[in-house]
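The values are calculated or read from the model by the stated rules, or taken from the named source; none is laboratory data. As the structure is a prediction and not an experimental result, all values here were calculated from the model. Note: ideal-geometry Cβ built from the backbone for every residue, glycine included; neighbour counts use all protein chains shown. Note: areas computed on protein heavy atoms with side chains; ligands, DNA, RNA excluded. Shrake-Rupley method; radii C 1.70, N 1.55, O 1.52, S 1.80 Å.
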Amino acid sequence: MTPKEVLALCREKEVKAVDLRFMDFPGMWQHFTIPVSSLTEEVFREGVGFDGSSIRGWQRINESDMLVIPEPDTAMLDPFCQLRTLAMICNIQDPITREDYTRDPRNVARKAANYLRSTGIADTCYVGPECEFFIFDDIRFEQSNNFGFYYIDSIEGQWNRGREEKPNLGSKLRFKEGYFPVPPSDHLMDIRNEMMQLLIECGIEVEAQHHEVATGGQAEIDMRYDHLVAMADKVMIYKYIVKNVARRHNKLVTFMPKPLFDDNGSGMHCHLSLWKGGENLFAGSRYAGLSEMALYAIGGILKHAPALLAFCAPTTNSYKRLVPGYEAPVNLAYSQRNRSAAIRIPMYSPNPKTKRIEFRCPDPSCNPYLAFAAMLMAMIDGIQNKIDPGPPLDKDIYDLDPEELKGVPKTPGSLEEALQALREDHEFLLRGDVFTEDVIDTWIWYKTEREVDAVRIRPHPYEFCLYADI
């Protein structure tokens, strides 16, 4: 879509307001709104100013002026605003140099896609993320100097089997049995259908929706794959839509990876493939129908996985999901069909166009622009340096005896460990100026000071169960 076509759409649909959206550094959408009369072709060239010092991880106050540059291809009628509103995703520029801002996550993703093309390896990286989330009926939490707690509730949660509901109609999903009985056990069919339909109306192709494994409202809606930058845009639209549909029904959606103890967490398994001239370069005659290039790409991801997880599993809570026994891989191996491996090769179809690899460690708390870019850079490094992933592990890794398991590398056990891995291993991210030292340093500083240290110095509720009577 061109700027002229966006303006024509505004006239045709009688748009009254234009919402300009962009991504902050950690991964939350930000926005401000202008009247439609202020949207001109010049705005698409010159941008609109805002205060960059108020955005997490961005400018200092003495360098605060920044520009949003609307991307016309992302224009979408917002389905939730009472006033007819057109939303557009924006890129960020410095108003003096007119250079794209290094800490704009969308800029990092765009640079990664451009770098791939410049290598000659491929012209397109396709990404297909499976975003899981919980739909809760109630969530309360607080932290102060002398207390801290959280409380979660869901009408279908197993813990409500004995609750006075006048009447309690049963149909409470047992732990790990949410995948996927029909209603009435599945309480959320209509809400997920509404989410799915709105996604389709907003231009996102949906492949399926279903309940996920955990009790308490875990859900998944699968989008059809797209190229890297467009897919990151779609993840943000996806989150916006499912959260606001839930809000319509007086419920809430969270993409927090592990909100419930002793049940499955929410992952974002990422299906990845590289294409050139319309040909899938990952299809071949090697293991599981993969090409040699695909195996090298796997080698790159496995080699750099500890550092990748600083972007792909970027919260302290992420490492409560990455534990054995909950379909969340902690062992860095690859295998066909095997969901206990960090990288799985799906075997649903013999069609070479469907051949891809699935990286199962990421979760939906990530900033998709940074996570997808980092995964691509690891694959490129694996291909350029012909990194051998070693033999596949076609066993249930959780059932391996200790001697067999000893030689299988592990994912980091905490965000702190992942950030340390990123400190020691990020040269592959700097190639082509995709990530910069400034981006890496700021990410490590922000995550360490605002999250790792903030959690580390506070008492945990379970510590009182362990130690209060000492």
Reported set for segment 381-402 where residues are in contact with a strand residue (DSSP E or B) (Cβ under 9 Å, 6 or more places away or on another chain) and either at pLDDT 95 or above or assigned to a strand (DSSP E or B) (or both) is 383, 389
For segment 451-461, name all the residues that are modelled with pLDDT of 95 or more and in a helix (DSSP H, G or I). 451, 452, 453, 454, 455, 456
Reported set for segment 226-279 where residues are surrounded by fewer than 21 Cβ atoms within 10 Å (Cβ to Cβ) and polar (S, T, N, Q) is 244, 250, 254
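Only one of these is out of contact with any strand residue (DSSP E or B) (no Cβ under 6 Å at 6 or more places or on another chain), at pLDDT below 95 and surrounded by 12 or more Cβ atoms within 10 Å (Cβ to Cβ): 111, 176, 166. Name it.
Details: 111 fails: at pLDDT below 95; 166 fails: surrounded by 12 or more Cβ atoms within 10 Å (Cβ to Cβ).
Going through 111, 176, 166 in turn, the sole match is 176.
Of all residues in segment 429-439, how many are part of a helix (DSSP H, G or I) and buried (at least 18 other Cβ atoms within 10 Å of the Cβ)?
Taking segment 429-439 and keeping what is part of a helix (DSSP H, G or I), we get 429-433, 437-439.
Imposing the further condition that a residue be buried (at least 18 other Cβ atoms within 10 Å of the Cβ) reduces the set to 429, 439.
Final tally of qualifying residues: 2.
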Subset of segment 114-137 [free of Cβ contacts under 8 Å to residues at least 24 places away in the same chain and open to solvent by 50 Å² or more (accessible area, probe 1.4 Å)]: 117
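What tally of residues in segment 345-371 results from selecting those that are part of a loop (DSSP other than H, G, I, E, B) and either open to solvent by 10 Å² or more (accessible area, probe 1.4 Å) or out of contact with any helix residue (DSSP H, G or I) (no Cβ under 9 Å at 6 or more places or on another chain) (or both)? It would help to see each step written out before you state the result.
Of the residues in segment 345-371, the ones part of a loop (DSSP other than H, G, I, E, B) are 346-351, 355-356, 360-367.
Now restrict to residues that are either open to solvent by 10 Å² or more (accessible area, probe 1.4 Å) or out of contact with any helix residue (DSSP H, G or I) (no Cβ under 9 Å at 6 or more places or on another chain) (or both): 347-351, 355-356, 360, 365.
So the count comes out to 9.
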Among the strands (runs of 3 or more DSSP E) confined wholly to segment 1-68, which include 3 or more residues that are touching a helix residue (DSSP H, G or I) at 6+ places or on another chain (Cβ under 6 Å) and free of Cβ contacts under 8 Å to residues at least 12 places away in the same chain? none
Grab the strands (runs of 3 or more DSSP E) fully contained in segment 82-151, keeping just those with 3 or more residues being under 24 Å from residue 24 (Cβ atoms) and more than 19 Å from the chain's Cα centre (by Cα). 85-93, 138-143
With the condition kept exactly as written, say whether any residue in segment 337-344 is without any contact (Cβ under 8 Å) to a residue 40 or more places away in the chain and either crowded, with 24+ Cβ neighbours inside 10 Å or more than 24 Å from residue 227 (Cβ to Cβ) (or both). yes
In segment 292-321, how many are open to solvent by 10 Å² or more (accessible area, probe 1.4 Å) and touching a residue at least 12 places away in the same chain (Cβ under 8 Å)? 11
